[in-house]
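Heads up: the structure comes next, in structure tokens.
The values are calculated or read from the model by the stated rules, or taken from the named source; none is laboratory data. Because the structure is a prediction, the values reported are computed rather than measured. Neighbour counts run over all protein chains shown; Cβ positions are idealised from the backbone, glycine included. Side chains included, ligands, DNA and RNA excluded: accessible areas come from the protein's heavy atoms. Shrake-Rupley method; radii C 1.70, N 1.55, O 1.52, S 1.80 Å.
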Amino acid sequence: MTDRETILVSRRLLLAGIGGSALAGCVTDDVGGLGGILTGGGALTQAEAAAGIRAALDNGIGSAISTIGVRDGFLLNNLIKIPLPGFLQDMQSTLAKVGLSGPLDTLETQLNRGAEAAVPVARDIFVDAVSSLTIADAIGIVRGGDNAATDYLKQKTTTPLTSLFTPIMSDALQKAGAVQTLDQLDKRLNSIPLAPRLGADAKTDLIRHGVSYGLAGMFTYIGKEEAAIRANPAKRTSEILRRVFG
């Protein structure tokens, strides 16, 4: 056995004995000039690393949609429930003290219903974003922490996802009745002397608010699934996941 081979074997044995996340102890070695990666699952090519990261994110997207893209997935979920935006939330709190927050409570429910409906429709947008992940990106993610892949996805895709997700959310809020409720609330306030006004951009602000919180909810649950895959062998449901994270 050559000195080089001895070093590689020693590293594999060391990594195999390290508990916790396999990725936390990964090292690299230029295997065959390919920039191979050594993890607890053995030597990986860069292409395998990229495939594993994509698989983990795909799993995260599927898990997120099945968890939050259903009735009450947002509304009854204290982790990601969408509150009304600023001014409307303040008004809701004030009116709740005298039992008059009903229309705003309805609007909050409809806002969350819109997000629950929009998330599954946007599945392909998230999947397409994952498919654009490069090998170079994957190498950095493999070396990262529990949510490195999710953080990458958030950093790289939030702006384009916002543009693509906005019309989906707008349509979902329309169907949920949130836009109509906001219009009715605006008319009611306009009929009351000295009452606050919603402003010309209230509808746009509501949609933008729903998009921001809807995406945040998706990333929260994608991150939870990624962390689970890294920590729990039972979550590694494919060979490539076991190779990269094992």
**Complete:** Pairs returned, first residue in the stretch 150-177 that is closer than 22 Å to Ala117 by Cβ and in a helix (DSSP H, G or I), second residue that is open to solvent by 80 Å² or more (accessible area, probe 1.4 Å) and among the hydrophobic types (A, V, I, L, M, F, W, C), beta-carbon separation under 6 angstrom, 6 or more apart or interchain, are Ile168/Val121
**Request:** Tally the residues that are out of contact with any Cys (no Cβ under 8 Å at 6 or more places or on another chain) and open to solvent by 40 Å² or more (accessible area, probe 1.4 Å), restricting the search to the stretch 138-150.
**Result:** 4
**Complete:** Exception for Arg208 within (1) over 26 Å from Arg54 (Cβ atoms); (2) among the charged types (D, E, K, R); (3) modelled with pLDDT of 85 or more; (4) open to solvent by less than 80 Å² (accessible area, probe 1.4 Å) falls at (4)
**Unmet requirement for Leu133, which otherwise passes all of (1) part of a helix (DSSP H, G or I); (2) touching a helix residue (DSSP H, G or I) at 6+ places or on another chain (Cβ under 7 Å)** = (1)
**Message:** Based on this model, can you work out whether Lys156 counts as open to solvent by 50 Å² or more (accessible area, probe 1.4 Å), over 22 Å from Ile229 (Cα atoms) and not small (Gly, Ala, Ser)?
**Reply:** no
**Prompt:** Of (1) modelled with pLDDT of 85 or more; (2) part of a helix (DSSP H, G or I), Lys187 satisfies all except one. Which?
**Reply:** (1)
**Prompt:** If you check Leu38 against the conditions, is it at pLDDT below 85 and open to solvent by less than 60 Å² (accessible area, probe 1.4 Å)?
**Reply:** yes
**Request:** Any chance you could count how many residues in the stretch 116-128 are in a helix (DSSP H, G or I), of a type in the set (A, V, I, L, M) and buried (at least 19 other Cβ atoms within 10 Å of the Cβ)?
**Result:** 3
**Message:** Residue under question is Lys97, and the condition is that it be touching a helix residue (DSSP H, G or I) at 6+ places or on another chain (Cβ under 8 Å) and surrounded by fewer than 18 Cβ atoms within 10 Å (Cβ to Cβ); does it hold?
**Reply:** no
**Item:** Matching residues, the stretch 62-94, being closer than 19 Å to Leu173 by Cβ, open to solvent by 60 Å² or more (accessible area, probe 1.4 Å) and over 21 Å from the mean Cα position of the chain (by Cα)
**Value:** Phe87, Gln89
